[in-house]
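Just so you know, all these numbers are worked out from the coordinates, no wet-lab data involved. It should be emphasised that the depicted structure is a prediction, and the values quoted were computed from it without experimental measurement. Cβ atoms come from the backbone with ideal geometry, glycine included; neighbour counts cover every protein chain shown.
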Amino acid sequence: MARILVVEDESAIAELVAINLRHAGHEVTLAGDAAQAQAAIDAVLPDLVLLDWMLPGLSGLSLARQWREAARTRDMPIIMLTARAEESDKITGLDAGADDYLAKPFSTHELMARIRAVLRRKAPQTLDAAVEIAGLRLDPSTRRVTWQHGDAAHELRLGPTEFKLLHFLMTHPERVHSRQQLLDRVWGDHVFIEERTVDVHVKRLRDALSVARCAHLVETVRGAGYRLSEQAHAASA
């Protein structure tokens, strides 16, 4: 499931898109203009934005450029929806920062396929695909983490927050994440809790991984944050 913001001033189109997204299990927020869209993003950073080009007031094109210039929204996936179907318009939209571009009228099947493709590229932690690193296998669909010992697979017991933390780290290996970034992506954007809370849950995660002798996978990067590193596993082996 992903948090998706639909920025569309035509209510019939917005509702149709929202119904299909909710049916697919996504959480949907609707915005009818640039001001509403910005307010929604200020409240909670979405996993993806469906953005209409022709909005009242500030255009979707200008919004996309504005978001790409801001550090907080720079990597936010954007699919632009528009009646402007000329090749030059598509190039302009992509150059403004859109990850994909879909001309109206469009089929809901194609829209859903494009959403899946963008999320797969930009936000793999929102998908149900299992991920495996250094003998650890995490399956979001069954919410199980297993490790191989000999010919048998053993399940690790993780709390819900530790599971989400491990999922995020495993889908972004080798990258250093600050405590604030982890709070935004694991606990949810704009959750007002102490950054040191991250340290507590990292310790709990390492304690759980120690059963599989994988605690060293989660590295502390002094002065920067944490990362999950296969290289650390290889070095320890």
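Within the set [x] 29, 20, 17; [y] 37, 19, 16; [z] 33, 19, 16, the number that semi-axes √(5λ) of the Cα gyration tensor in Å takes when calculated for this structure is listed as [y]. Annotation: extensible slack from residue 130 through residue 220 equals 29.9 nm (criterion: 0.36 nm per residue apart, minus Cα-Cα distance).
This ranking places 8, 230 by how few other beta-carbon atoms lie within 10 Å of each, fewest first, which gives 230, 8.
Can you give the net charge of the other residues whose Cβ lies under 9 Å from the Cβ of residue 172, counting K and R as +1 and D and E as -1? In short, +2.
Would the stretch 3-126 count as rounded, prolate or oblate if I go by the C-alpha gyration tensor, calling it rounded below 1.5 in a/c and otherwise prolate when a/b exceeds b/c, oblate otherwise? Because its axes are fairly even, with a/c under 1.5, the stretch 3-126 counts as rounded. Compare 133, 79, 193 in a GNM of the chain, Cα atoms joined below 10 Å, and give the one with the largest fluctuation. Residue with maximal mean-square fluctuation among 133, 79, 193: 193. Per residue of the chain, the DSSP helices (runs of n ≥ 4 H) give a summed -39500 (n - 2.57) that works out to -12000 deg cm²/dmol at 222 nm. Each of 177, 154 was scored by other Cβ atoms within 10 Å of its Cβ. Listed from fewest to most, they are 154, 177. In terms of surrounding Cβ atoms within a 10 Å radius of their Cβ, 163, 168 rank from fewest to most as 168, 163. For the chain, the longest principal axis of the C-alpha atoms and the axis of helix 11-23 are separated by about 20°.
Here the chain is scanned for trypsin sites (Lys or Arg not before Pro) in DSSP loops (not H, G, I, E, B) that have at most 10 other Cβ atoms within 10 Å, and the longest stretch holding none of them is 75-156.
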